[in-house]
Each structure stands twice: as structure tokens, then as C-alpha cells.
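See structure below.
What follows is calculated from the coordinates using simple rules that are stated; it is not laboratory data. Since this is a predicted model, take the numbers as computed values, not measurements.
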Amino acid sequence: AQIKEYTPAAYRKYALAPIEKEYARNLARLENRTYEADAVAYLSADQCNTTAQLKAWRKERESQVKMYVPKAQEKYALKPIDEEYEKSLSALEGAKPDEPAPASASDCKTVSQLK
């Protein structure tokens, strides 16, 4: 109640986020279930063992970016998350990750790398 009274509307989401997170964590504890954000909070994408865990990891990271990064810079902050997600997803699916492009033509080992 005090946050809504004393905090400007544009900044309320920053003040309310930790309170809402603590509420959700305590509610999960009282209902004797796992709090989902805790389950993925400390995992990196390459530590995820299932696509469900990987999607939860991505959702958590994207929500943090969308909460704290200005709208104009969101795409720059989301790009590394997307790259790590795609890399880990291909690893989970058993696909070989793409090799990085050679820095110069002299570094190319095959004709296809030159193209």
C-alpha cells in the first residue's frame, strides 16, 4: 500500500518485483511445491538437461531484461540470451553447433567457408 502511495507509477514495477517474488516463493513453500523461478535461477543454459528447463531459463532471463533494460536497448540485451539458448538447444537435440566464421579468407579451410 505504501509503495503505491509514495512511489511514482513509472517506478512501481521495480519496487513491487521483489515483494511479488517473495510472495510467490512463500506461497509455493506453504503449498509444499517447488518455486519455479528458484529451480532455474542459478542454471546457465548449458546446465539445462531438458528443453523445458531451457525454456524456463530463457523465460527467466528475458523477463529480467524486459524489467530492467530500457525498451530501446532490449534487442541488444536479448541477443546473447537467444544465442546461448539456440546453442544449448542444438546441443540438447544432438546437433553439432555451427563453427564460427573465419576471420579472413586466409583462415578458410574449405571452399564452402569462402562463400
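Within straight-line reach of Lys87, meaning a Cα separation under 19 Å, sit the following lysines at least 8 residues removed in sequence or on another chain: Lys55, Lys59, Lys75, Lys79, Lys96. One decimal place: the segment Tyr68-Lys13 gains 18.8 nm when fully extended, by the rule 0.36 nm per residue minus the C-alpha distance.
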